[in-house]
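Notes to accompany the following structure.
The values are calculated or read from the model by the stated rules, or taken from the named source; none is laboratory data. Source: prediction; values computed, not measured. Every residue, glycine as well, gets a Cβ built from its backbone with ideal geometry; the counts of neighbours run over all protein chains shown. Note: accessible area is taken over every heavy atom of the protein model, side chains too, but ligands, DNA and RNA are not part of it. Shrake-Rupley method; radii C 1.70, N 1.55, O 1.52, S 1.80 Å.
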Amino acid sequence: MSTPNGLSQHLRACVTPGTEGGAVQDLHAKIAGKAAKKEAGGNGVLTFEDPPSVGSSLSQTLQLLPDELKANVKIKSVTPRPPRKPRLERAASLDEKSWRRWRRFKTSQESLTDPNETSSSNGSLQEASLSPPIRSRASPCHQYFQQNSPDASEVSPVVKSRGGTSDLGKRASEISSAFGGLLRGKAFTGGKPRLSQIMPARPLPPLELNVASHTLRTANRIDSACGDYGHYSQNKFGRVSSSLSDTRLHGNGMVYENCSGDSMKSTFSLLNPAHSKDVRSRGYLQSSLMARGALLGAEELNRCFPDRNIGIFVATWNMQGQKELPVNLDELLLPKDPDCAQDIYVIGVQEGCPDRREWEIRLQETLGPHYVMLYSAAHGVLYMSVFIRRDLIWFCSEVEYATVTTRIVSQIKTKGALGISFTFFGTSFLFITSHFTSGDSKVNERKLDYNKTIQNLTLPKNVPDTNPFQTSSSDVTARFDGVFWFGDFNFRLNKDRETVDSILNQTPDTDVSRLLAYDQLTSEMSRGSIFKGFQEADIHFLPSYKFDIGKDSYDTTSKQRTPSYTDRVVYRSRYRDDIHALKYSSCPVIKTSDHRPVFALFRVKLRPGRDNIPLAAGQFDRELYLIGIKRRIARERQKQMERKDQKSSSICSIS
């Protein structure tokens, strides 16, 4: 029987055992003078390694068999299978193929040699190595290639045996070293040349992974109650980590000293680990002030403010409705004394400019990227904007506001009050900007404006009161821990123009005590008829009203108005000594209005709070933030170009 034309596969003959019994033998005979191999097997399969040439008969092959087996040989014809279609793939360079193989064997070597690695592939091999090898029925072709193929030693260990992971690791190590030499240029002749690896002359110093910084308030600290969490998790779960990178770090001792060494916490995370039982038992809405883990609690407050004091900047300015805005607001918002910027900026405006949005953009541009606008509100031409440091926005409650109109005709909103309130940690704040009735002799009307404001300003609305006594007062200023009231109160000096001018000419700028002796507001506050419970810092600046626009001279018109301290900032605290005034001054460099801006800096004591208040959830005016930052960048570029032009336009004169 001759083989069909075109058959290029190996011939296979199946031998069935005889009736006489006995062990079945597997014979592998080789044609063209090769000796036959005998091996005991389970199926009695006869396999020929080198096929006869096309046109030879099978009878020639059977002549090589022993005589005792010729009678029991049954010939079975095998239908050849067509060759598989070639697999189309992207042609890869030799460098790319070598790199892929090296990575595959390198990963296999690390997984097998790492005692701490507990990935699924490594675990399955380890479990299989403990069990006895499983004998399976293999096809004749499979058995043939397993024994006689030149690359039989590289067959997968799962096909050869379920055990022997050390042999596989040894083989993978040899292959990875070979490919490593290939990448270093030892066995690589074609393609791109590769540089040899440069080894340091001496051992490198150990890498420090201490991410804590003394200049940052946020510290990488582990909760004292979770100090034994790494030991507990290792005993509880048995395995430290299933991540290769984490295993390397834990094994080499390269973890930051205060970090937990367990699989439930990231190696480089700044967050404290949390026990499951603590997460179940914590009730933040009803937690105490000292509860560990509360967002507004004492622990978080001490982390952000170790001394529990916050800096607040308050400014007021009557813009006289001018369209022109100051070119630079640095002297107002960022005075050189003190050197540090404040945490919260609150700016109130009376008779504001027509373009309120442009005013807010100027504020954002001046404060820069470290601050965001928490809230902004308006009542007619009364504006108020609240800016806060970006990293403190998460500790603010929802911001609420309310307005009061003090004029008889409520549609005319040039006089009145605008209030904004919110809670920061456990301290509630109220900011009020007002514009009282004008006129030298209208003191009673101004007191009526004050009384109407404290009675009709409906705040707070949804944010809970932090007052532990829960008293419902008709005075809005008694419902908050800290109150800052600022604006154009329009209180004047009870003296004629000539007397005031003579005092100004005789006394220096810092000694204005003679002028304050005639101040209407100081007199009324001492009597207790207005701003009850409020205080005002000592005044050491000149009257802020009324100037000629663009000049440092007081009113030179025919009206000859008397210079006065109309723009003021007063404050009130629920707890004694919680608010300290650090600076109280005016900004004489801004001359676009007949009023000079007045500002004050405060240091306010904070108290921890509870997580039962509606939070602002990090919301701020993102559009305003981006516009302000872009303008700030453009301004800096323009300054650089101007300095460059000045250097290049120097003129040399020859005498």
Residue among Ala537, Ala581 that is within 30 Å of Arg607 (Cα to Cα), in contact with a strand residue (DSSP E or B) (Cβ under 9 Å, 6 or more places away or on another chain), in a loop (DSSP other than H, G, I, E, B) and not acidic (Asp, Glu): Ala537
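Look through Asp488, Asp481 and report the one residue that is surrounded by 21 or more Cβ atoms within 10 Å (Cβ to Cβ), under 17 Å from Arg574 (Cα atoms), in contact (Cβ under 8 Å) with a residue 60 or more places away in the chain and acidic (Asp, Glu).
On the way: Asp488 fails: under 17 Å from Arg574 (Cα atoms).
Going through Asp488, Asp481 in turn, the sole match is Asp481.
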Please determine whether any residue of the range 563-582 is among the basic types (Lys, Arg), in contact (Cβ under 8 Å) with a residue 24 or more places away in the chain and surrounded by fewer than 18 Cβ atoms within 10 Å (Cβ to Cβ). no
Looking at the range 637-649, can you tell me whether even one residue there is touching a residue at least 40 places away in the same chain (Cβ under 8 Å), within 22 Å of Asp330 (Cα to Cα) and open to solvent by 40 Å² or more (accessible area, probe 1.4 Å)? no
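For the range 391-415, name all the residues that are among the basic types (Lys, Arg), in contact (Cβ under 8 Å) with a residue 24 or more places away in the chain and surrounded by fewer than 20 Cβ atoms within 10 Å (Cβ to Cβ).
Narrowing the range 391-415 to residues among the basic types (Lys, Arg): 407, 413, 415.
From the residues that got through so far, the ones that are in contact (Cβ under 8 Å) with a residue 24 or more places away in the chain too are 413, 415.
Answer for the range 391-415, where residues must be among the basic types (Lys, Arg), in contact (Cβ under 8 Å) with a residue 24 or more places away in the chain and surrounded by fewer than 20 Cβ atoms within 10 Å (Cβ to Cβ): just Lys413.
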State whether one or more residues within the range 289-298 are without any contact (Cβ under 8 Å) to a residue 60 or more places away in the chain and surrounded by fewer than 16 Cβ atoms within 10 Å (Cβ to Cβ). no
Matching option when the condition is assigned to a strand (DSSP E or B) and open to solvent by 40 Å² or more (accessible area, probe 1.4 Å), among Tyr375, Tyr383: Tyr375
Hey, among the residues in the range 306-353 that are under 30 Å from Ser438 (Cβ atoms) and among the acidic types (Asp, Glu), which one's surrounded by the fewest Cβ atoms within 10 Å (Cβ to Cβ)? Glu324
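Step by step: first the residues of the range 451-463, then only those that are of a type outside the set (A, V, I, L, M, F, W, C) and touching a helix residue (DSSP H, G or I) at 6+ places or on another chain (Cβ under 9 Å), then the one that is least open to solvent (accessible area, probe 1.4 Å). Which residue is that?
Start the filter on the range 451-463 by keeping residues that are of a type outside the set (A, V, I, L, M, F, W, C), which leaves 451-453, 455-456, 458, 460-462.
After this cut, where a residue has to be touching a helix residue (DSSP H, G or I) at 6+ places or on another chain (Cβ under 9 Å) as well, the list is 453, 455-456, 458, 460.
Details: Thr453: 0, Gln455: 123, Asn456: 75, Thr458: 82, Pro460: 42 Å².
Looking at the filtered set, the residue picked out is Thr453.
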Looking at the range 439-484, which of the residues that are basic (Lys, Arg) and out of contact with any Leu (no Cβ under 9 Å at 6 or more places or on another chain) is farthest from His580 (Cα to Cα)? Lys442
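Looking at the structure I just gave you, is Arg561 under 30 Å from Trp394 (Cβ atoms), modelled with pLDDT under 95 and either part of a loop (DSSP other than H, G, I, E, B) or aromatic (Phe, Trp, Tyr) (or both)? Talk me through it step by step, then tell me what you get.
On the way: under 30 Å from Trp394 (Cβ atoms): no; modelled with pLDDT under 95: yes; either part of a loop (DSSP other than H, G, I, E, B) or aromatic (Phe, Trp, Tyr) (or both): yes.
No: the conditions fail for Arg561.
Do we find a residue being in a strand (DSSP E or B), of a type outside the set (A, V, I, L, M, F, W, C) and surrounded by 20 or more Cβ atoms within 10 Å (Cβ to Cβ) anywhere in the range 440-450?
Within the range 440-450 (the criterion being in a strand (DSSP E or B), of a type outside the set (A, V, I, L, M, F, W, C) and surrounded by 20 or more Cβ atoms within 10 Å (Cβ to Cβ)), the answer is no, since none of the residues qualifies.
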I'd like to check something: does the range 345-352 contain any residue that is without any contact (Cβ under 8 Å) to a residue 60 or more places away in the chain and outside any loop (DSSP other than H, G, I, E, B)? yes
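When the residues of the range 591-616 are narrowed to those that are part of a loop (DSSP other than H, G, I, E, B) and within 20 Å of Thr562 (Cα to Cα), which ends up most open to solvent (accessible area, probe 1.4 Å)? Before the answer, list the steps.
Looking only at the range 591-616, we keep the residues that are part of a loop (DSSP other than H, G, I, E, B), and these are 591-597, 606-614, 616.
Then drop every residue that is not within 20 Å of Thr562 (Cα to Cα), which leaves 591-597.
Numbers: Lys591: 62, Thr592: 25, Ser593: 0, Asp594: 11, His595: 7, Arg596: 7, Pro597: 0 Å².
Checked the range 591-616; the qualifying residue most open to solvent (accessible area, probe 1.4 Å) is Lys591.
Kindly evaluate Glu524 against the criterion of being open to solvent by 40 Å² or more (accessible area, probe 1.4 Å) and either outside any loop (DSSP other than H, G, I, E, B) or farther than 16 Å from Ser441 by Cα (or both). Reasoning before the result, please.
Details: open to solvent by 40 Å² or more (accessible area, probe 1.4 Å): no; either outside any loop (DSSP other than H, G, I, E, B) or farther than 16 Å from Ser441 by Cα (or both): yes.
So Glu524 does not fit the description; no.
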If Thr423 satisfies every condition in (1) open to solvent by 10 Å² or more (accessible area, probe 1.4 Å); (2) touching a Ser or Thr at 6+ places or on another chain (Cβ under 6 Å) but one, which is the exception? (1)
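Phe620: open to solvent by 10 Å² or more (accessible area, probe 1.4 Å) and either in contact with a His (Cβ under 9 Å, 6 or more places away or on another chain) or not basic (Lys, Arg) (or both), yes or no?
Values: open to solvent by 10 Å² or more (accessible area, probe 1.4 Å): yes; either in contact with a His (Cβ under 9 Å, 6 or more places away or on another chain) or not basic (Lys, Arg) (or both): yes.
For Phe620, the condition - open to solvent by 10 Å² or more (accessible area, probe 1.4 Å) and either in contact with a His (Cβ under 9 Å, 6 or more places away or on another chain) or not basic (Lys, Arg) (or both) - is met.
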